[in-house]
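What follows draws every value from the coordinates through simple rules; no lab data is involved. Everything numeric here is computed off the predicted structure, so don't read it as measured data. With ideal geometry, Cβ positions are generated from the backbone for all residues, glycine too; neighbour counts draw on all protein chains shown.
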Amino acid sequence: MMASSSETITASASGTWKLGDLTVNRIGFGSMRLPQNGTAFADATPSDRGRALHVLRRAVDLGVNHIDTAAFYFSPLRSANELINSALAPYADDLVITTKVGPGRDPSGAWAWATPEQLRGQVEENLRQLGRDHLDVVNLRLPAGQASASVADHFGALSELREAGLIRHLGISNTSPEQLDEARAIAPVVCVQNAYGIDAPADQHAFLRTCGDQGIAFVPFFAIAGEGREGGASRAESEAVLTVARRHGATPAQVRLAWTLHQGPHVLAIPGTGNPDHLAENVAAGALRLTAGDLALLTR
């Protein structure tokens, strides 16, 4: 059973992993939902600033030391990076902030993909917004549907910024095994960020295991939302998830997060929310230990 609400479960219950030389708790926090109510980015209603700052500070209080963000996470009045800076700077020594580059948005919200030459500007934008002199981890985010495209020029540009001291570690997102191999031939890769969860296709399960064999963190996004993606979880929950949730006195979202963490010690979670109660529930999922029977039921 999950611990009672009177017991505060912190992110340390999830265990730790290293992103290069940076140790993080395996339950982290994704900031995508902070700038707006809903997930339509520039078309969404701006979030309550005070509540967003409270959620970030509460996350750190609960032991979260891995925060995922991006300069393109903004609404008309809110920027995830600015909120992180306002809430948490000066930053704790053990806080790891991971960002991503590749996609970009103009003030109207229109999307564009950076050329290799434009990546430095995106890195510097993150540095300015976060108030940092270097970025802990930068993921090269790739467009959907381009699993066979070469990443050499873009990843090479980021490797040069790493050698210049602007970036400490590199990762790659929305990627394929072939692209990961190409990137690793250019510079060390500490993490892969891909959409992943209980409902993921077989090739993603295999990719997760490959990353583990190579000592690379696998960091799923949409582990709770699944096919709902940016829109959030919108499907009827499966009976298997509901059954396991009842067994443990947990929520379906906690079961999905716990299942994700059970896929390997190298698997991290970055669930995002603007709700302080959901934040505490997400962090507590790191203490949920599923049985072999639970895992077999969920895998079926």
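Worth pointing out:
- Residue in the range 156-171 that is touching a residue at least 24 places away in the same chain (Cβ under 8 Å) and exposed (fewer than 14 other Cβ atoms within 10 Å of the Cβ) present: yes
- Among the candidates Leu77, Leu83, residue that is of a type outside the set (S, T, N, Q) and closer than 23 Å to Phe221 by Cα: Leu83
- Among residues of the range 121-150, those that are part of a loop (DSSP other than H, G, I, E, B) and either touching a Gly at 6+ places or on another chain (Cβ under 7 Å) or crowded, with 22+ Cβ neighbours inside 10 Å (or both), counted: 2
- For the range 155-171, the count of residues that are aromatic (Phe, Trp, Tyr) and over 29 Å from Leu208 (Cα atoms) is zero.
- Here the range 241-300 is the region considered, the condition is being of a type in the set (D, E, K, R) and over 30 Å from Thr45 (Cβ atoms), and the residue that is nearest to the chain's Cα centre (by Cα) is Arg289.
- Residues that are of a type in the set (Asp, Glu) and in contact (Cβ under 8 Å) with a residue 24 or more places away in the chain were ranked within the range 61-97; the one that is farthest from Asp277 (Cα to Cα) is Asp94.
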